[in-house]
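First up is the structure itself, then whatever we jot down about it.
The values are calculated or read from the model by the stated rules, or taken from the named source; none is laboratory data. Everything quoted here is computed from the prediction, not taken from an experiment. Positions of Cβ are generated from backbone atoms using ideal geometry, with glycine treated the same way; all protein chains shown enter the neighbour counts.
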Amino acid sequence: MNVYESLLELIGDRERVSINETVLEHHSKGIAYHAPHKPDVVVFPKTAEEVSRVMAFANEHRIPVTPFGAGTSLEGHVIPIAGGISLDLTLMNNIIDIRPDDFLAIVEPGVTRLQLNEALKRYGLFFPVDPGADATIGGMAATNASGTNCVKYGVMRDQVLGLEVVLADGSVIQTGSLAVKSSAGYDLTGLFVGSEGTLGVFTRLIVRLHGIPEATNAIKVCFPSLETAAGAAFAILRSGVGPGKIELVDEATIAAVNAYKKTDYPVTPTLFIELSGSPSSVEDGTKLVNELCEGEGAVSFVVETDSLARAKLWEARHHAAFAIQAAYPGKAMLSTDVCVPLSELPGAIADTRRLVDEQNMTAAIFGHVGDGNYHTVLAFDPNDAEEMARIERVHAHIVRYALSRGGTCTGEHGIGLGKRAFLREEKGDAVVWMKRLKQLFDPNGILNPGKIFLP
């Protein structure tokens, strides 16, 4: 059987079924350090019916299928390690309906967050989940992404009200509804969100929207040490001021951003904070944050109210990962993704800094500290086995410290390939039941094989 010709017959468009080497190479990797692996063929469906036909064919012939969105995966979710079909959903990029009075939108999986937010501006609404990259809504749901706004608005699982899902055998189910809550049976929507393409392929999503705040202040606060910055973040959260965003970056991150963006921010641990709401609440909140930061030893406090200035400030934070990568050309990057209870955050960051300094490693620390989630980006030579082993030992230490404090190995990047070994340590016997669910939904094991679970 010629898989390419069979898929071409199913889709009926040579432009949307490809074995071109450049296309295969593009679909062989995400943006992180995991080794690439080419699919045998790439399919670009335009409808749920086409996805259904592809899945039914693949299931009948036991062909692996790996969903692919914008390819921003940090844990190798989009890498087709077993070959087979890469199912690129970027042509399914229609905003089907915007219902401003219901604060929701219905979108196809290939719609990106920037595309959606541009369409929402006229309604005074926005979609809050912001992982930094212009990821697809489908990919964000598949990994339960979060990002800078999660401290106020929650993570992707909080924003998805319903799904249309094509299962492994090609059948199509609907989960959730247009209602903001329901007690009707099992929460299948919550199950599918974060399943990383291992249980089904999303072809339609119902997502929550939020009103654009009346007033917003962006605040940049510099500190003498990473520990004092983390302590200030904890103090702000404990105060009840309710920041929309609170992000921490270390000196290495600031230096990389300055070089990458041609900015001149002081090279010192920094908090980026955003307060939004009514003008009076924002003004009062800013005063309180200033007092709290001064109490924790802040050395500078800058407030931006102009929208362009705010955008420039947050652009610097959003480009942090790319800036760090650019600072170390030829190096691969491993990004940790632990999340700990808020009370444990200062200690966790201090332990991480101590460890990387002891190891004399090239590392940058930043993260969404408003919910206890931070990243340590470690640069290394992927061809140096000894260095790679050392990186993995440091990664394991950071994860196990987080687990010992009641945290998790992954706050927002998912398990994918990179954190499979930690899943059992964190979840114990619950992994057995996860595997049983996988077997129930995908008995032939064709959906994104090799992800989440070790063989």
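Quick notes on this one:
- Listed conditions (1) in a loop (DSSP other than H, G, I, E, B); (2) more than 27 Å from the chain's Cα centre (by Cα) are all met by residue 291, apart from (1).
- Candidates 44, 103, filtered to the one that is touching a Leu at 6+ places or on another chain (Cβ under 6 Å), aromatic (Phe, Trp, Tyr) and assigned by TED's automatic domain parsing to the domain that holds residue 162: 103
- Remark: residue 202 matches the filter, which requires a residue to be of a type in the set (Phe, Trp, Tyr), within 23 Å of the chain's Cα centre (by Cα), in a strand (DSSP E or B) and not assigned by TED's automatic domain parsing to the domain that holds residue 363.
- Exactly one residue out of 375, 413 is under 24 Å from residue 193 (Cβ atoms) and either among the polar types (S, T, N, Q) or in a loop (DSSP other than H, G, I, E, B) (or both), and it is 413.
- Test: residue in segment 25-40 that is surrounded by 21 or more Cβ atoms within 10 Å (Cβ to Cβ) and more than 30 Å from residue 331 (Cβ to Cβ): no
- Neighbours by Cβ (under 7 Å, 6+ apart or cross-chain): first from segment 389-418, within 17 Å of residue 361 (Cβ to Cβ) and at pLDDT 95 or above; second in a helix (DSSP H, G or I) and of a type in the set (S, T, N, Q): 398/352
- Tallying residues that are closer than 14 Å to residue 238 by Cα and out of contact with any Ser or Thr (no Cβ under 7 Å at 6 or more places or on another chain) within segment 282-294 yields 4.
- Single residue of segment 261-275 satisfying the filter (of a type in the set (A, V, I, L, M) and touching a residue at least 40 places away in the same chain (Cβ under 8 Å)) that is farthest from residue 324 (Cα to Cα): 275
- Of everything listed in (1) touching an Asp or Glu at 6+ places or on another chain (Cβ under 7 Å); (2) closer than 20 Å to residue 226 by Cα, the single unmet condition for residue 398 is (1).
- Some residue of segment 373-387 being in contact with a strand residue (DSSP E or B) (Cβ under 9 Å, 6 or more places away or on another chain) and of a type in the set (Phe, Trp, Tyr): yes
Residues are listed down the side, and each one gets a yes or a no for (1) assigned to a helix (DSSP H, G or I); (2) under 30 Å from residue 416 (Cβ atoms):
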site	(1), (2)
231	yes, no
255	yes, yes
273	no, no
302	no, no
322	yes, yes
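- Identification of strands (runs of 3 or more DSSP E) wholly contained in segment 100-193 with 1 or more residues that are under 21 Å from residue 66 (Cβ atoms) and at pLDDT 95 or above yields 160-166, 172-176.
- Of all positions in segment 229-240, none carries a residue that is of a type in the set (Lys, Arg), surrounded by 15 or more Cβ atoms within 10 Å (Cβ to Cβ) and over 30 Å from residue 46 (Cβ atoms).
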